[in-house]
Amino acid sequence: APRRVPLGIQEVDNGAILGFSAELSEDHPGFHDAAYKQRRVNICNLARSHRIGEPIPHISYTAEEVAVWGSALTRLEHLFQQHACKEFQRSWPLFDLRPDAVPQLEDLSQVLQGTTGFRIRPVAGLLHPRDFLNGLAFRTFHSTQYMRHSSKPDYTPEPDVIHEVIGHLPMLADPSFASLAHAIGVASLAADEEQLKHLVKLYWYTVEFGVVREGSDVKAFGAGILSSYGELQHMAAGGAEVAPLDVWQPLPKISYKDGYQKRYFALESFEAGAVELQAYCASLQAGLTDEVRRCGARQLRA
Ligand code: H2B
Ligand code: FE
């Protein structure tokens, strides 16, 4: 059957969870912790039963979870002034994040709606890439609500509430960045499987691991950098190559497990990045700009 293109966020499935969900894999830091796994099941069930339009369920975080949150926040915050891009720093105070309490997604969603109109929808784990990107088309960010395992406070093999809130939300509150994320989302609606693979890479090397030029400096805007103390230091220390992003060129394979990135892709600005992404996205709409589309397809095959 042909794939049904969702017409609204209600038609985007939030139940297709990849990899981890509540059943953790053997190499997950919480694999041997039965209480942690039960906690995950409970929080995941809340996400599964959430309906669009309802408030996001309130979670009472435990003292242990608050401690993990607080230490991540405190350590990261010290690095932002020097290494986070100016858009991130401008949005940061809006969310009023404090080390002594894990913020509630419902409150954060309200803040976000007042800036770029993006809203948060809770999700049980790593969502299927097509559904995740489709959500962005409707200005919806799917966010997990559980905390990483306390034995590895600096590491998580999957998205958790620290990654989503500290890494993603400040950027989504920025109008230029929000339009870039929205452009990727809209393109995903029309994308076939091959095009989707490229979009997932574009998302990965911008929204997750992107850097942006500010004069002669390179600053982080990707959530995977900004929510990881180790990755941010790695980037700040010039530990990786920095290449310009060309949306038409094939991008390296994504790995969730190879440690820090070996190469970052840099935007000249979010405005320029959004324009290029929109051109690529337009080329995915069959018949719209044949010339551009052929040129894009040729480059992607090369
Ligand atoms: N799911 C969740 N819950 N958070 C993410 O940040 C996320 C996701 N990112 N699914 C997506 C996939 C991304 O890595 C790309 C589109 O695959
Ligand atoms: Fe992410």
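Each reported figure results from applying straightforward, stated rules to the coordinates on display, with no laboratory input. If you're wondering where the values come from, they're calculated on a predicted model, not measured in any experiment. Here the Cβ is made from the backbone with ideal geometry for all residues, glycine too, and neighbour counts use every protein chain on show.
Of note:
- Magnitude of the charge dipole, the chain, Cβ model with Lys/Arg +1 and Asp/Glu -1, debye to 20: 480
- Student exercise, segment 47-165 dipole from Lys, Arg, Asp, Glu Cβ charges, in Debye to nearest 20: 380
- Maximal additional length on extending the Ser49-Asp246 stretch stands at 66.9 nm, based on 0.36 nm per residue less the C-alpha distance.
- Along the axis of the charge dipole computed for the chain (Cβ charges of +1 for Lys and Arg, -1 for Asp and Glu, origin at the Cα centre), the listed residues Thr156, His50, Val247 are led at the positive end by Val247.
- Among the listed pairs Lys37/Lys262; Lys152/Lys257; Lys86/Lys253; Lys37/Lys201; Lys197/Lys219; Lys86/Lys197, those with a Cα-Cα distance over 24 Å are Lys37/Lys262; Lys86/Lys253; Lys37/Lys201; Lys197/Lys219; Lys86/Lys197.
- Here's how it looks for Tyr264: its modeled amide H is under 5 Å from those of Glu241, Val242, Ala243, which are all 5 or more places away or on a different chain.
- Taking the fewest neighbouring Cβ atoms within 10 Å as the starting point, the ordered list for Ile254, Ile59 is Ile254, Ile59.
- Per the Debye calculation on the chain with a single equal scatterer at every Cα and no solvent contribution, log₁₀ I(q)/I(0) for q = 0.08 Å⁻¹ amounts to -0.33.
- With K and R counted +1 and D and E -1, the other residues having a Cβ less than 14 Å from that of Leu24 yield a net charge of -1.
- Relative exposure of Thr206, Thr62, Thr140, Thr74, judged by other C-beta atoms within 10 Å (fewest first): Thr74, Thr62, Thr140, Thr206
- Residue-span extension gain [Lys86 to Tyr260] - 0.36 nm each, minus C-alpha spacing: 60.3 nm
- Net +/- balance of residues flanking Gly230 in space, Cβ distance below 12 Å, scoring K and R +1, D and E -1: 0
- Legend: calculated FRET efficiency, His58 to Leu7, from the Cβ-Cβ distance at R0 = 22 Å, rounded to 0.05, equals 0.10.
- Taking the C-alpha atoms only, the angle from helix 290-301 to the longest principal axis of the chain is near 60 degrees.
- Total charge dipole magnitude, segment 149-292, about the Cα centre, Cβ charges on Lys, Arg, Asp, Glu only, Debye to nearest 20: 380
- Report summary: the helix-based calculation at 222 nm, which adds -39500 (n - 2.57) for every DSSP H run with n ≥ 4 and divides by the residues of the chain, gives -13000 deg cm²/dmol.
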